[in-house]
Amino acid sequence: MNSPALTEDRIHLKLILVSGKTKEFQFDPSISAGDIAKYLFENWPQEWNEEAVSKADILRLIFHGRFLHSNVTLESLGLPRSKTVVMHLVSRENLPEPSSSDQELKNKGRDTRCCQCSACTIM
């Protein structure tokens, strides 16, 4: 399968499903995570048919170990243009509620990633 040609003004996402299947997409930096979910639902790749979902609202993007809320734009994440960024795509009804320890760490100014590495991998 050929990857789309990289363009300077787009954000290139390589999305990974829980099954391990991947596909690359290009999006405008101003698009939100919710709009990406809607686009993917409406243009579900044929090679992902076994993982098809019943509605766009349950598709969630994960970046650096964190679920992205639907109003977060790619641009607000500071993603580089013309380079490929990896995100996970999962189906989940609700986002997890922040735990009290997450809030305590935020109040102390510490990072709340799942680990202290610069990039997480979800298996």
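A residue that is at pLDDT 95 or above and either part of a loop (DSSP other than H, G, I, E, B) or closer than 18 Å to Gln26 by Cβ (or both) cannot be found anywhere in segment 102-112. Scanning segment 28-58 for residues that are in contact with a helix residue (DSSP H, G or I) (Cβ under 6 Å, 6 or more places away or on another chain) and within 13 Å of Leu13 (Cβ to Cβ) yields Pro29, Ala37. For segment 63-83, residues that are part of a loop (DSSP other than H, G, I, E, B) and touching a Leu at 6+ places or on another chain (Cβ under 6 Å) total 2. Of everything in segment 55-83 that is in contact with a Ser or Thr (Cβ under 8 Å, 6 or more places away or on another chain) and of a type in the set (Ser, Thr, Tyr), the residue that is modelled with the highest pLDDT is Thr73.
Scan segment 20-35 residue by residue and report those that are among the charged types (D, E, K, R) and either part of a loop (DSSP other than H, G, I, E, B) or over 22 Å from Arg81 (Cα atoms) (or both).
Lys21, Asp28
Here is a yes/no grid of residues against (1) in contact (Cβ under 8 Å) with a residue 12 or more places away in the chain; (2) in a loop (DSSP other than H, G, I, E, B); (3) crowded, with 17+ Cβ neighbours inside 10 Å; (4) among the charged types (D, E, K, R):
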residue: Lys14; (1), (2), (3), (4): yes, no, no, yes
residue: Val18; (1), (2), (3), (4): yes, yes, no, no
residue: Ala37; (1), (2), (3), (4): yes, no, yes, no
residue: Leu40; (1), (2), (3), (4): yes, no, yes, no
residue: Trp48; (1), (2), (3), (4): yes, no, yes, no
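The values are calculated or read from the model by the stated rules, or taken from the named source; none is laboratory data. Computed from a predicted model, the values in this text were never measured in an experiment. Cβ sites come from the backbone with ideal geometry, for glycine too, and all protein chains shown count toward neighbours.
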